[in-house]
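The values are calculated or read from the model by the stated rules, or taken from the named source; none is laboratory data. Note that the structure is predicted; figures quoted are calculated from it, not measured. Please note: Cβ atoms are built from the backbone with ideal geometry, for glycine as well, and neighbour counts cover all protein chains shown.
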């Protein structure tokens, strides 16, 4: 039922925007043959964008549903060379956004949008590769930290602390207290890694969403170009540039967090 509703919504959106584009072209002084062409072009691109967005959202809903069925504390480390399971859907969405901009760049061949969309597609492809590389940091953390390890260390710390409190003053008590301090330092380090993983994951998600927003901006620009070719008005690239800058900011943040992990600092 939801899929049918989404399909009808896409058709209606295509009809409305296509009609609006045709009217805009007519008001802009377009020739009679260009008016229906502009409307049809906008309608087709709008429907394609709606269909792609719907498929992406459906995949995201399935991912969230599957994730809710799993125990949050039972995440197993990913195999060597593979990103963690919770990062995979985001990396796939990032790759899909880059692919969308690639297709828009090819569709814009011969227009004023060809160069900026080609540059945007190249930027997003490079961003996806960087996201995949940064996802490796999540795998490293998962190998070092899990709920079981922290629980065991806490249990050991509690036992040694109790033994130190009940031991007679002297070398044995001092050794027990030194062990407690060592465990507390290790627990604190692992907790910092856990917080760092959360920040890495959130930044990966935010950067992916910026990539998708850039792809959506490309869709809008291509739609407008179809109409404005008839009217001759220039296309504003500001929104696309802003989204690409947000992508770069996310990548810079991931670099900073990765350096933090490598240097052993706090997130």
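Structural remarks
- All positions within the range 218-256 that are under 30 Å from residue 138 (Cβ atoms), modelled with pLDDT under 90 and over 16 Å from the mean Cα position of the chain (by Cα): 256
- Residue count for the range 171-204 under the criterion of being out of contact with any helix residue (DSSP H, G or I) (no Cβ under 8 Å at 6 or more places or on another chain) and under 30 Å from residue 246 (Cβ atoms): the result is 4.
- Some residue of the range 164-179 being within 23 Å of residue 93 (Cα to Cα), at pLDDT 90 or above and surrounded by fewer than 15 Cβ atoms within 10 Å (Cβ to Cβ): no
- Yes/no for residue 182 being modelled with pLDDT of 85 or more, in the same structural domain as residue 88 (by TED's automatic domain parsing) and either on the phi > 0 side of the Ramachandran plot or in a helix (DSSP H, G or I) (or both): no
- Those residues of the range 112-162 which are outside any helix (DSSP H, G or I) and surrounded by fewer than 17 Cβ atoms within 10 Å (Cβ to Cβ), in sequence order: 112
- Single match in 138, 209, 113, 221 (criterion: under 28 Å from residue 256 (Cα atoms), in contact (Cβ under 8 Å) with a residue 12 or more places away in the chain and assigned by TED's automatic domain parsing to the domain that holds residue 257): 138
- Selected residue (criterion: modelled with the highest pLDDT) from residues of the range 257-267 that are part of a loop (DSSP other than H, G, I, E, B) and loosely packed, with under 15 Cβ neighbours inside 10 Å: 264
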